[in-house]
Amino acid sequence: MEPIYYYVFGAAAVVFIALAVYLRIKGKKELLEERKREALEQEALKQQQAIRAQQPKAQAANPEMIRLQLQAYERMTILCERIGLTNLLGRLPVNQLSATELQNLMVQSIKTEFEYNVSQQLYVSQAAWDGIKNLKEQNIFIVNELASTLAPNATGADLSKKIVELLSHDDHVSLQNIVSSLINHEAKQLMN
């Protein structure tokens, strides 16, 4: 490669790593804020339960609504897995596509999966929905940024290799585990 490509690639890598670190920190902050909010909500819930215990005819939770919420959390768990980059690569014909074709197919698949599940936001918390949106945006960003570092004649296998290398370098590059944990936690709270 010519020296200019080393500088361009190096600059792109630095920008990408900085963004990944920023998104990781942002995701952790959002998770911590959500946990604080949940602690406050739990305290308020305890107070409400104490008030309801004093009332002779307390209303029971709507079982149909709980069922719908649990189904939505199930869908969000599946969505989180389906838009995960390694899972997405496993479902696509990587070796039969150019890098540009794979990039376009991955971005379109992420968007389609997200749009298919957009109505589920009615039943999950704002934090869970924001996590899903951030995961979608981050994965599209990763695919586009890595594709932009490849030569014009690169193959889908080249792009796939870059994505796998990035994700295997650090478990926390992707928000997928954080979002999955949040969804799992909220679903378990509904079941208690």
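Taken together, the values in this text are just the output of simple stated rules run on the coordinates, not laboratory data. Nothing here was measured: the structure is a model prediction, and the numbers come from that model. All Cβ positions, even for glycine, are placed from backbone atoms using ideal geometry, and neighbour counts span all protein chains on display.
Residues that are assigned to a helix (DSSP H, G or I), touching a residue at least 60 places away in the same chain (Cβ under 8 Å) and closer than 21 Å to Val21 by Cα are absent from the stretch 94-104 altogether.
In the set Glu165, Glu145, which member is without any contact (Cβ under 8 Å) to a residue 12 or more places away in the chain and assigned to a helix (DSSP H, G or I)? Walk me through how you get there before you give the answer.
Details: Glu145 fails: without any contact (Cβ under 8 Å) to a residue 12 or more places away in the chain.
Testing whether each residue is without any contact (Cβ under 8 Å) to a residue 12 or more places away in the chain and assigned to a helix (DSSP H, G or I) leaves just Glu165.
Of everything in the stretch 135-192, what is over 24 Å from Ile78 (Cα atoms), buried (at least 20 other Cβ atoms within 10 Å of the Cβ) and hydrophobic (A, V, I, L, M, F, W, C)? Give them in sequence order. Hits for the stretch 135-192 are Leu146, Ala147, Leu159. Within the stretch 88-106, can one find any residue that is surrounded by 17 or more Cβ atoms within 10 Å (Cβ to Cβ), under 15 Å from the mean Cα position of the chain (by Cα) and under 30 Å from Arg35 (Cβ atoms)? Within the stretch 88-106, one or more residues are surrounded by 17 or more Cβ atoms within 10 Å (Cβ to Cβ), under 15 Å from the mean Cα position of the chain (by Cα) and under 30 Å from Arg35 (Cβ atoms).
Restricted to the stretch 120-134, and to residues there that are touching a residue at least 60 places away in the same chain (Cβ under 8 Å) and under 14 Å from the mean Cα position of the chain (by Cα), the residue that is surrounded by the most Cβ atoms within 10 Å (Cβ to Cβ) is Gly131.
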